[in-house]
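The values are calculated or read from the model by the stated rules, or taken from the named source; none is laboratory data. What you see is a predicted model, and the numbers here were worked out from it, not measured in a lab. All Cβ positions, glycine included, derive from the backbone under ideal geometry; neighbour counts span all protein chains shown. Heavy atoms of the whole protein, side chains included, go into the accessibility calculation; ligands, DNA and RNA do not. Shrake-Rupley method; radii C 1.70, N 1.55, O 1.52, S 1.80 Å.
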Amino acid sequence: MTPSDGVTIRGSTLASPEARELIAALDAELSALYPEPGATHFRLDTSEVAEGQGAFLVATLDDKPIGCGAIRRIDERTGEIKRMYVRPAARGRGVGRDLLRALETEARALGLTRVALETGARQLEALALYQHAGFAPIPPFGEYVGSPTSVCMAKDL
């Protein structure tokens, strides 16, 4: 997928150097936003984004990784968007919106009809992105039940 501003979005793996770099940057940002004891960065396993189960996408600009996101199947109908991240220097260009659309396309290709996600209550830009894309709040699900800073959302595809 090639968005109009020169950003390219393509499939990758969690084990790739670009994925490790982006996820480390995401985790560092989340640690700064949520420094309280017990705050967690929820996991994503390689098997969850294997072909037929999900996908991991990387956005690049001039061959440099600037963003990422994943979709994983959580049941026959529903997928979960995970590890959405855009480097601060690349924000405001629509990269997050393009990644989100590409992940929804991947979800449809997996035969999913609904996508859910979790984000943090302090991530106001992420909340705005998801609301603008048609996601609505839902009760916490799975590992997010009992997480005081989690906001869960979903939308039908």
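Structure values in brief
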item	result
Per-residue HN-Hα couplings for the stretch 53-63 [Karplus 6.51, -1.76, 1.60; θ = phi - 60°; Hz; x = Gly/Pro]	10, x, 7, 10, 10, 10, 9, 10, 9, 6, 6
Surface per residue (accessible, 1.4 Å probe) for the chain, Å²	50 Å²
Surface accessible to a 1.4 Å probe, Ser12 within the full protein complex, Å²	30 Å²
Phe42, Phe135, ranked by accessible area, largest first (probe 1.4 Å)	Phe42, Phe135
Size-normalised alpha-carbon gyration radius of the stretch 7-113, reference 2.2 N^0.38 Å	1.05
Of all accessible heavy-atom area on the chain, the percent that carbon and sulfur account for (1.4 Å)	54 percent
Contact order normalised by residue count of the stretch 17-70, Cα under 8 Å, 6+ apart, percent	33 percent
For Val145, solvent-accessible area (1.4 Å; no DNA, RNA or ligand), Å²	100 Å²
Local electrostatic count at Glu18 - Lys and Arg +1, Asp and Glu -1, tallied over other residues with Cβ under 12 Å	+2
Residues whose placed amide H lies under 5 Å from that of Ile138, excluding near-sequence neighbours	Cys152, Met153, Ala154
Given the chain, longest segment not containing exposed loop GluC sites (Glu not before Pro) (DSSP; at most 12 other Cβ within 10 Å)	77-157
Gain in span if fully extended, Thr105 to Ala89, counting 0.36 nm per residue against the direct Cα distance	3.2 nm
Unit charges at the beta carbon, dipole of the stretch 47-127: most positive-side option, Ala70, Gly94, Gly111	Gly94
